[in-house]
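Visitor: Starting off with a structure, shown below.
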Amino acid sequence: MSGNDVLKVNELCIRVDGQPVVSDLCFHVAAGERVCLLGPSGSGKSLTAGAILGLSPHSVHVDGSVCINGVEVADIRATRRPVQSRSGMVFQDTHSALNPLVSVGTQLREPFMRFHGLSRRAADEAVVTLLRGMQMAHVEEILKRSSAELSGGQRQRICMALALACKPALIVADEPTTALDVLTQNEVLKLLRECTGTADTPALLFISHDIGAACRLCERAVIIDEGRLVESNTLTHIIANPQHRFTRQLVRALHDSAPGRPPFAPDFDAREGLLCTA
Amino acid sequence: MSTSSVGVAPSFALISALRALVPTLSRLVTLAAVVVLVGLLPWLSGRDPALSILRARAGDQNPTPEALDAIRAQLGLDMGPWEKLGHWLGGLMHGDAGVSWISGGPVLPGMLEATGVSLMLMCGALLVALVTTVLLCVTAVRRGLMGEPAPTSGALGATLTALPEFLLAAILLVIFAAGLNWLPPYGWGAPRHMVLPSLALGLPAGGLLGRLFSDGLTASFSERWVATWHVAGFTRRRIALAVLKRTLPSLLPQVGLVIVGLTGGAIAVEQVFSIPGLGRATLGAASAQDLPALQTGILLLLAIAVVLGGAAGLGRTLLLGRTLRAGAMPVTHHEPHRGRWPWLVPAVVALALVIIIVAGMGRDPLTSSYLRLQTPSLALPLGADGTGRDILARVSHGALSTMGMALVVVTITLILGILIGLMPRLAAGPIEVTNATPPVIAGLVVAGLMGPSAGGAILAVTLVSWAPLAAHTAALVTEVQGQAHVRITPMLGVGRLRLLTRYVLPAVIGPVFRHAMLRLPGIALALAALGFLGLGPRPPAPEWGLLLAEGIPYLERAPWAVLVPALALVLMSVLAVSLSSLWRRG
Amino acid sequence: MHGVDSDDAPVPLLCANGLYKHLHPPSLAFWRARQARTILRDIHLSIQAGERIGLAGVSGAGKTTLLNLLLALKGADAGSITCQGRAVRPASVRALRWYRRLVQYIPQDPAASLDPRMSVRDLIREPLVRLSVEGNHTRRIDEALDRVGLDRKFLSHRPGALSGGQAQRVAIARAVALRPRLLLADEPLSGLDLPVRARVMQLFDDMSRLDGTAFVIISHDLAVMPRLCERTLILHDGAIIEDRPTAALFEAPAHEHTKALVHAAHLDHDITSMMPATPATALYPVS
């Protein structure tokens, strides 16, 4: 198992201004796997994401081990990590994830030139092909724009394209759908599912508080509450048999948010809604 | 749908265009008002210019009505004010700014020549400022590229900013001209004459810009896209350039203000180093009541300020380009950074000032009871000045009068600032224009109107100091109006007056009051600068700026007469800067 | 046209007729006439007393703009709104008092809409005084608190001393104390804990059943509608594309966009169907 782990987090402790926020967190993500990290707000999810990505702010102190592709990176900032241990990142706040003063095309072109060794022209073509593959309309038009001129859904897809273009072994997505409306949420989730989690695509660590979204995307869940791991199992198992207080609450919330009537939509395909394999 | 929308669009376009033009219009209106004010100076000043000219030309000869009438006719003072204004403006169009009342020669050629000198001095100062800024930003850029953007302590930048130009000029003069004898103390022409004035003018500006830029660069480096770019394989050079380009637009308005501030600082520096520049010429005209020369000088100074401010605004628009038009510029988040003891420096400095004040309280600041320039001793701890007065007593009493005047200014500006800031849209233009007027230029105008006096200095500093408070109030009002509990008030039937007094004002008044109090030392310094230039209280009042000016002639024989007031002012400056940085962080 | 009522049909509480709203994007090139974007087109809406209506649509569909028009905070470019036969358009606070007494609003984050400097008593009293409501204010305040299930001891508290759920109930009590005929609620259930959610739903039920208060529930998520509303409107690209009973809408969505929304609402539900616990319908029976 440990041989093909893309991400291995061991005894991770995070302290903010001396106060422990996350303690003794251990989990792993294998190659080609999609794992979600679930927890209520304030449980330390985003701090964990920051520690894995090497983006923790200064007031945050990280102890323990974070291994990406076999390289120990807990103490290394994102900007100084070796290329093979870099992970793609997708955030909730898409505004700040892209430089608003540089056109989207210029930002997408760069990784193709650096990591795929393409010429400028070939890189531009590769960008167009990639975005077309992600079902984006008006690709040429969008590439000329600044990220500030795009809608939230479009920006999130550009961020995902940028993460994919870097050919990382792992993509960390921190609440990527929270700021979007239901339909765009579904599109982004669908796209994440199509682009990750197979042998030749990156593994995915999906960080969210929404168990519904997690069910549609991931096979396995790691659940934390108040900075501690409380449950770790396949999602099918967790939903059928929630153990911890918070997990039960999550599952109850799922009941509650669902419409009070059975699904009668004529072309509704249940398999698409649920990825968990029993 | 398109048919109806086309019909509506033009009227909407007109309204929104007018709205967009409001700042430009109010800038022009304010500028025109200043030009008219300057043009009417001879009448507004309320003194008989013919009398002063006769005195200037013919000494103490008794003025006869015939002689006065002759001078009036010669100067065109028999015209009415508006007729004279039209005449003056008409002359300006033809490149004729009038005739000096003192020398009788045309004013413009000499003033243009002086402008050339001033511009050269400002270029030198800008070079110094640029180098200082770059040096102060090296650490921020290096840390940012390492992926650990952290605010620098900014101690060096703060120290440089702490010294107002007239004070730094005096200190440089003491050290490099009088003490080490490396560089000439005054004069103009050779390149080595430019070194000290450029340093005196450029270092404070560079210190301020360096702090602003290292803070701004740090904030931009902490944005998420920098990490995204690193992962995407962008080179460090491209990331650094992109971060600079990201930082510039938000700082350009402040850069503009700093550069405009150079025009005010240049006046003081030219005075200290006896440089035949525009500032010194204008200052001379003000003290000699040579109104045509004063008018021309003020007009040229304002023109320089307007051009520089406009250039900064243009640069911002060009840099932001379509992102500005999209109206969706993401806001940079700044991680607040607090030193371990943020109150330590201001507390120590304030204590030192209090000790000086208490020590000198019981002594007499006005009588010359000691030898001229008597050296410090136990009975006379800080020595005596050029007329044998106790320097400790003068500094102590000066602190009280300077601080007292500053308190008056702060109180008035607080009230003005809140009142004007409550009408943000209307006030946008005047705020901009007053913000871009250095206090020294306002002091020149006021001194031209009512002669140099303590009251004039208070008025001048008040005229330009309300703007930051009004801008702060306006920003807070906008913020409060966006809050959910205020946005819902129309639904609750809350009227406009109650909204203002019950919801908006209580939220605004606390922060603005604290802000005003933290500006107290800075305002005291501006008052001291006016005193130093002879635009404030008259001798023998014990005022710090005046004390420094009085000491400079005895620089070589009695350095303590310069050093003591300079040190007191440095303490005040450090207090000002440390308090204002407390405000920025809190 | 639309709003013609025959004598026997009840006069609708609120009626919107052919509303249009255009947006003129700001531009530096002010001399050029710009193509305005239409945010709302031809909106017809009539609300009867005691009726509960859902208004769903994705972000950018025009929900917020329509809400602002209905609250008379912004004026329509064409069309009219009438309430009990009187025209409603933006006007001075004084001129709109009658409308504010009839139509109230619960914002998306009710807790944030409480002034932190006021006590709970002053917060609830403010609209009663400002809108010149007649009668005994103290009794109305007590009644409203009882309604939302909040103890009287909270009257002297400030919002800072309340928990999120309590603050939410104060904000609702403020609207309820006016005894409005119509309540507009913006995303009333998002961000609420489970017990508070149940309480809010119960309160809405009571108000419409006992007092005949009408509701407009606005949400981007269709999933909340079946529990709260008998009728659901779908707003898409500034136009109302569906206006039908909620059950019918869920069973046979006509428009492509509605199908997508219904589909999205079902995704979560489908996961719950494999849970061994009590089904959702048992938790909250649909009447």
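Bear in mind that the values in this text are calculations on the coordinates, not laboratory data. Here the structure is a predicted model, which means the values were calculated and not measured. Cβ: placed from backbone, ideal geometry, glycine included. Neighbour counts: every protein chain shown.
Visitor: From Cα pairs below 8 angstrom and at least 6 apart in sequence, can you work out the relative contact order of the stretch A:1-153, rounded to a whole percent?
Guide: Reported as a whole number, the value is 19 percent.
Visitor: Okay, next question. Could you check which residue among A:PRO168, A:PRO57, A:PRO176 shows the biggest mean-square fluctuation in a GNM of chain A with a 10 Å Cα cutoff?
Guide: Top of the fluctuation ranking is A:PRO57.
Visitor: For A:ASP200, project a label point 7 Å along Cα to C-beta. Then give me every residue of the stretch A:19-40 with its amide nitrogen under 17 Å of that point.
Guide: Within reach of a label on A:ASP200: A:32-33.
Visitor: What is the magnitude of the charge dipole of chain A about its Cα centre, with +1 placed on the Cβ of each Lys and Arg, -1 on the Cβ of each Asp and Glu, and no other charges, expressed in debye to the nearest 20?
Guide: Dipole magnitude for chain A comes out near 400 debye.
Visitor: Right, another one. Could you please state, rounded to a whole Å, how far the C-alpha centre of the stretch A:24-51 is from the C-alpha centre of the stretch C:85-114?
Guide: For the stretch A:24-51 versus the stretch C:85-114, the Cα centre distance is 45 Å.
Visitor: Quote the relative contact order of the stretch C:21-136 in percent (integer), defining contacts as alpha-carbon pairs under 8 Å separated by 6+ residues.
Guide: Relative contact order, the stretch C:21-136: 16 percent.
Visitor: When chain A is treated as a GNM, springs tying every alpha-carbon pair under 10 Å, which of A:LYS45, A:LYS190, A:LYS167 comes out with the largest mean-square fluctuation?
Guide: Of A:LYS45, A:LYS190, A:LYS167, the Gaussian network model singles out A:LYS190 as fluctuating most.
Visitor: Here's a follow-up. For the stretch C:215-223, in order, what is each residue's ³J(HN,Hα) by Karplus, 6.51 cos²θ - 1.76 cosθ + 1.60 with θ = phi - 60°, in whole Hz (x at glycine and Pro)?
Guide: For the stretch C:215-223, the Karplus curve yields 10, 10, 9, 10, 7, 8, 10, 5, 4 Hz.
Visitor: Collect residues whose amide H, placed 1.01 Å from N in the peptide plane, falls under 5 Å from the amide H of C:THR38; neighbours closer than 5 in sequence don't count.
Guide: Counting only residues 5 or more places away or on other chains, the set is C:LEU23.
Visitor: Right, something else. With the dipole of the protein assembly as shown worked out from charges on the C-beta (+1 for Lys and Arg, -1 for Asp and Glu) around the Cα centre, which of B:LEU547, C:ILE43, A:SER103 lies farthest toward the positive end?
Guide: It is B:LEU547.
Visitor: Let me ask you something else. State whether chain A is rounded, prolate or oblate according to the following rule on the C-alpha gyration tensor (a ≥ b ≥ c being the square roots of its eigenvalues): a/c under 1.5 gives rounded; otherwise a/b larger than b/c gives prolate, and the remaining case gives oblate.
Guide: Note, shape of chain A comes out oblate.
Visitor: With springs only between Cα atoms under 10 Å apart, run a GNM on chain A and tell me which of A:ALA30, A:ALA126, A:ALA199 wobbles the most.
Guide: A:ALA199
Visitor: Now a separate question. How well do other chains shield peptide A:147-153, expressed as the mean number of their Cβ atoms within 10 Å of each residue Cβ?
Guide: 4
Visitor: Calculate the spin-label point distance for A:VAL60 paired with B:ALA311, positioning each point 7 Å from the Cα along the beta-carbon direction, and give it in nanometres.
Guide: 4.4 nm
Visitor: For B:TYR554 and B:MET361, FRET efficiency with R0 = 25 Å and r from the beta-carbon atoms, rounded to 0.05?
Guide: With a Förster radius of 25 Å, E is 0.45.
Visitor: Dipole size in debye (nearest 20) for the stretch B:344-585 around its Cα centre, Lys and Arg Cβ +1, Asp and Glu Cβ -1?
Guide: Computed charge dipole of the stretch B:344-585: roughly 760 debye.
Visitor: While we're here: I'd like to know which of B:VAL577, A:GLY227, C:PRO159 lies farthest towards the positive end of the charge dipole of the protein assembly as shown, counting +1 on Cβ of Lys and Arg and -1 on Cβ of Asp and Glu.
Guide: Of B:VAL577, A:GLY227, C:PRO159, it is B:VAL577.
Visitor: Treating only the Cβ atoms of Lys and Arg (+1) and Asp and Glu (-1) as charged, compute the dipole magnitude of the stretch B:165-281 about its Cα centre; round to the nearest 20 debye.
Guide: So the magnitude is around 540 debye.
Visitor: Moving on to the next point. Would you work out which of B:LEU366, C:GLN202, B:LEU308 lies farthest towards the positive end of the dipole of the protein assembly as shown? Charges go on Cβ: Lys and Arg +1, Asp and Glu -1.
Guide: B:LEU366
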